[in-house]
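Colleague: Quick one: the structure is below, and I'll ask about it shortly.
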There are 2 protein chains.
Amino acid sequence: MNTRRAFLQNVTRSAIGIPLLSLQSAPIISSLTSCAEVADGPVLRVAIMGLGSYGARVAEAMKDCKRAKLVGLISGTPSKVTEWQQKWNIPAANCYNYENFDNIKNNPNIDAVYIITPNALHHPQTLRVAKAGKHVICEKPMAINAKEGQEMVDACKAAGVKLLIGYRLHFEPNTVEIIRMRKEGELGKLLYFQGQSGFRIGNPNQWRLDPKLAGGGAMMDIGIYSINAARYMTGEEPIWVTAQEVKTDPQKFKPGVDETITFQLGFPSGIIGSCLSTYNMNNLDRFFINGEKGFADLQPASGYGPIKGRTHKGELALPHPMHQTLQMDGMAELIFEGKQPIVPVDGAEGVKDMKVIDAIFAAVKSGGKVPIKIA
Amino acid sequence: MNTRRAFLQNVTRSAIGIPLLSLQSAPIISSLTSCAEVADGPVLRVAIMGLGSYGARVAEAMKDCKRAKLVGLISGTPSKVTEWQQKWNIPAANCYNYENFDNIKNNPNIDAVYIITPNALHHPQTLRVAKAGKHVICEKPMAINAKEGQEMVDACKAAGVKLLIGYRLHFEPNTVEIIRMRKEGELGKLLYFQGQSGFRIGNPNQWRLDPKLAGGGAMMDIGIYSINAARYMTGEEPIWVTAQEVKTDPQKFKPGVDETITFQLGFPSGIIGSCLSTYNMNNLDRFFINGEKGFADLQPASGYGPIKGRTHKGELALPHPMHQTLQMDGMAELIFEGKQPIVPVDGAEGVKDMKVIDAIFAAVKSGGKVPIKIA
């Protein structure tokens with residue numbers, strides 16, 4: 001289907017009452033098409049699914065991308081689509097809702113869909129996008145358990161599309177520098193990782209506190225940063241976990257929604273990881289790794305920036321671009337040229353984090369040490 | 001017994017072959033006696049038992065004390081006694097060895113004995129000093145388990161002497177200020193304590209790595225700082241503990257000597273504590289407490305100084321006197337005037353830490369949650 005036909009079709013739909021689409025000008029369409037022809041190589045034309053606050057941040061960050069561009073929208077809220085269309089100059093032909101987005105398969109002007117929706121929706125939505133033949137970028141957590149995550153990996157593989165997880169920190173300069181130092185032995189034999197991930201969550205009625213949509217609580221949303229960092233900071237996969245849960249506000253944090261969990265990860269070389277995940281505290285955002293020759297400290301470690309890095313050699317003085325700008329350019333390079341970031345961002349990486357989360361929840365229940373099999 | 005008689009008695013002993021005692025001049029004795037008459041109140045006349053490196057630090061710090069003075073020595077190494085006698089102008093009448101120090105009961109010029117010897121010796125030595133009718137200041141850990149600790153408390157009570165534990169940080173200005181802030185509600189409802197206590201221990205032949213003398217490994221020596229801080233920073237007593245041990249060097253860290261233990265403490269109000277104790281890592285010395293209204297961070301937290309304190313309001317700019325100077329003056333005020341420091345330093349306080357250590361070792365063995373009964 002060419003863009004003109006799509007345009008007309010969408011106009012027709014709009015006229016019969018599907019409110020998500022609006023009129024647009026032909027010149028915009030040609031400017032979109034030309035994006036794929038810039039000097040640095042092809043540009044990844046991205047539709048964002050889920051126009052919430054994080055989606056808005058990604059859109060903002062993509063303004064500065066050289067290799068990625070926001071070209072499409074998927075939302076269940078017509079007024080948001082209208083607003084975003086105006087702000088980002090998005091043609092109606094590239095706008096979808098949750099009923100009709102399978103039609104994206106007929107849209108040659110969209111390469112990938114960035115899924116930024118509640119956790120429990122990632123799995124079915126990824127399967128639909130893969131079936132539509134588009135690359136999937138999916139926010140973390142990729143799913144609500146490892147089984148779902150693996151199904152997403154398998155579905156994308158079968159459809160011949162990439163599945164990437166929104167691990168923006170894998171492109172963040174301080175993080176990348178510390179991983180380089182660790183890989184090159186500058187910290188010596190590693191002994192300890194510490195991760196503190198948390199914030200005090202507000203509105204008790206948001207989807208993040210609804211176990212059906214969130215698939216959990218703080219662990220899925222923010223604890224996963226410490227899990228992922230424990231793996232990329234150490235360069236090892238955990239082999240066991242112990243975990244302890246505390247719930248001080250059972251009214252706000254319903255059954256199935258974890259408030260605060262401390263967990264410990266054992267690694268093959270003897271490294272021990274000690275982590276905190278919480279929806280009940282601010283002032284917590286730290287990754288720390290300690291080796292025989294030195295240490296590295298990120299604090300703040302996972303916020304939207306600026307990240308501050310410090311090692312035994314002193315402060316890291318690195319630039320602070322928007323993480324999502326780096327991420328989307330990096331993902332374009334990965335999709336088009338197969339260029340791998342220092343730590344993977346593919347679906348398999350996401351499944352590994354989900355396996356750790358599964359084990360943490362099992363360890364909270366059992367009260368004992370739970371083995372983890374990542375490989 | 002007056003000082004003259006004691007002096008003569010000691011001279012006599014010296015003459016019959018007890019090698020730790022040597023001749024001295026009468027003017028030194030009168031200068032000692034006059035210590036008890038300074039304007040600020042009586043001066044605590046202290047004998048140090050155990051002339052190792054920490055004993056030397058305490059002696060150095062006492063130079064600046066207004067209410068405490070080093071007046072006696074107890075050691076098994078005659079050459080050390082001679083050296084210390086010269087350095088600190090200590091009369092032979094106030095010098096003892098481990099065979100004869102029970103005779104201190106006949107020495108009216110010594111008020112208290114500061115026991116700075118290997119952990120496993122604290123219990124029998126405290127019992128002997130108490131029996132000699134002298135106040136006991138005992139280094140931490142007070143003993144190698146809570147049972148021994150309680151016996152020491154009971155023995156000192158029965159003898160009518162004070163038992164104080166060398167908790168120097170209870171007098172440290174940054175620590176005291178943060179405890180004040182917490183008590184006055186400036187941090188709001190508390191939620192989390194983090195303690196990291198460790199260093200990379202050197203010489204594998206030292207007593208600290210001998211389970212018979214140390215009664216354990218890192219936990220007894222350095223982990224106890226995180227335990228004690230977890231209690232005074234939160235103002236609560238833990239009700240459960242979980243713990244995980246990692247040993248990467250079983251050659252250096254023999255059975256019964258813990259290398260690295262992570263442990264978690266649950267508190268009645270829902271505060272969770274996450275701690276690390278290790279003899280295998282440097283760059284770890286932090287206490288952090290997080291509340292609904294703010295946080296407090298000590299880093300370094302327990303070294304000999306300077307301690308650095310930071311809260312949500314900014315850096316703490318407090319003086320950095322030697323901790324042991326403050327401690328010994330504070331302990332004199334406690335002994336003579338009953339003036340309590342912001343956190344107790346008595347034997348009962350020490351027993352509480354030992355109960356937590358007992359529970360941590362039990363939790364390492366069981367792999368599960370172990371209840372703690374402090375009260």
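Colleague: Give the angle, between 0 and 90 degrees and rounded to the nearest 10, that separates the Cα long axis of helix B:146-159 from the longest principal axis of the Cα atoms of chain B.
Modeller: So the inclination is approximately 40 degrees.
Colleague: If we hang a label 7 Å off Cα along the beta carbon direction at A:Gly338, how far is it from the matching labels on the other copies, in nm, shortest first?
Modeller: Once sorted, the set of distances for A:Gly338 reads 8.3 nm.
Colleague: What does the buried accessible surface come to for B and A, summed over both chains, with the probe at 1.4 Å? Round to 100 Å².
Modeller: 2700 Å²
Colleague: Distances from B:Gly133 to the same position in the other copies: list them in nm, one decimal, shortest first, using label points 7 Å from Cα along Cα→Cβ.
Modeller: When each copy's label point is compared with this one, the spacings are 10.1 nm.
Colleague: Using unit Cβ charges (K, R positive; D, E negative) and no other charged atoms, how large, in debye to the nearest 20, is the dipole of segment A:294-375 about its Cα centre?
Modeller: 480 debye
Colleague: So, one more: List the extent of the Cα atoms of chain B along each of their three principal axes, largest first, rounded to whole Å.
Modeller: 63, 47, 36
Colleague: Please give the helix B:3-15 orientation as an angle from the longest Cα principal axis of chain B, in degrees from 0 to 90, rounded to the nearest 10.
Modeller: Once rounded, one gets 80 degrees.
Colleague: Rounded to whole Å and sorted largest first, list the principal axis extents of the Cα atoms in segment A:31-124.
Modeller: Principal extents (Cα only, largest first): 38, 27, 26 Å.
Colleague: Taking only the alpha carbons of segment B:221-375, what extent do you get along each of the three principal axes, in Å, biggest first?
Modeller: That gives 43, 36, 34 Å along the principal axes, largest extent first.
Colleague: Hey, another quick one. When all C-alpha to C-alpha distances in segment A:90-133 are sorted into bins of 10 Å, what percent of pairs does each bin hold, rounded to whole numbers?
Modeller: Bins of 10 Å from zero give 25, 61, 14 percent of pairs.
Colleague: What's the angle, to the nearest 10 degrees (0 to 90), between helix B:347-366's Cα axis and the longest principal axis of chain B?
Modeller: 50 degrees
Colleague: Give me the aspartates and glutamates in straight-line cross-link reach of A:Lys140: C-alpha distance below 15 Å, same-chain residues under 8 apart excluded.
Modeller: Qualifying aspartates and glutamates at Cα under 15 Å: A:Glu148, A:Asp221, A:Asp346, A:Glu349, A:Asp353, A:Asp358.
Colleague: For the peptides B:293-306, B:91-104, what is the packing order when you average, over each peptide's residues, the other Cβ atoms within 10 Å and list the highest mean first?
Modeller: My ranking of the peptides, most packed first, is B:91-104, B:293-306.
Colleague: To continue, here is another question. For segment A:152-240, what is the per residue volume of the convex hull drawn over the alpha-carbon atoms, in cubic angstrom?
Modeller: 165 Å³
Colleague: Straight-line reach from B:Lys69: which lysines have a Cα under 16 Å away, not including same-chain ones fewer than 8 places off?
Modeller: Correct list for B:Lys69: B:Lys87, B:Lys134.
Colleague: Moving on to the next point. Looking only at other chains, what is the average number of their beta-carbon atoms within 10 angstrom of each beta-carbon in A:235-244?
Modeller: Counting Cβ atoms of other protein chains within 10 Å of each residue's Cβ and averaging gives 2.
Colleague: Say the cut-off is 27 Å between C-alpha atoms; which of A:Lys183/B:Lys247; A:Lys80/B:Lys293; A:Lys247/A:Lys355; A:Lys373/B:Lys189; B:Lys162/B:Lys352; B:Lys183/B:Lys373 go over it?
Modeller: Beyond 27 Å: A:Lys80/B:Lys293; A:Lys373/B:Lys189.
Colleague: Tally the DSSP beta bridges in chain A and give the antiparallel ones as a percent, rounded to 5.
Modeller: The antiparallel fraction comes to roughly 55 percent.
Colleague: Turning to a different aspect of this structure: Please give every one of the aspartates and glutamates within straight-line cross-link reach of A:Lys339, meaning a C-alpha to C-alpha distance under 13 Å, and leave out same-chain neighbours fewer than 8 residues apart.
Modeller: By straight Cα distance, A:Lys339 reaches A:Asp329.
Colleague: If you place +1 on the Cβ of every Lys and Arg, -1 on the Cβ of every Asp and Glu, and leave all else neutral, what size is the dipole of the protein assembly as shown about its Cα centre, to the nearest 20 Debye?
Modeller: Once rounded to the nearest 20, the dipole reads 240 debye.
Colleague: Still on this structure, please answer the following. Averaged over its residues, how many other protein chain Cβ atoms are within 10 Å of peptide B:360-367's Cβ atoms?
Modeller: So the per-residue partner count for this stretch is 1.
Colleague: Using a label position 7 Å from Cα in the Cα→Cβ direction, what is the ascending list of nm distances from B:Lys252 to the same site in the other copies?
Modeller: 4.4
Colleague: Give the Rg/Rh ratio for the protein assembly as shown, taking Rg as the radius of gyration of the Cα atoms and Rh as the Kirkwood radius, to two decimals.
Modeller: With Rh from the inverse mean 1/r over Cα pairs, Rg/Rh is 1.12.
The values are calculated or read from the model by the stated rules, or taken from the named source; none is laboratory data. Everything numeric in this text was worked out from a predicted model, so none of it was measured. Reconstructed Cβ throughout: ideal geometry from the backbone, glycine too, with neighbour counts over all protein chains shown. Each accessible area value is taken on the protein alone, full model and side chains, heavy atoms only, with ligands, DNA and RNA left out. Shrake-Rupley method; radii C 1.70, N 1.55, O 1.52, S 1.80 Å.
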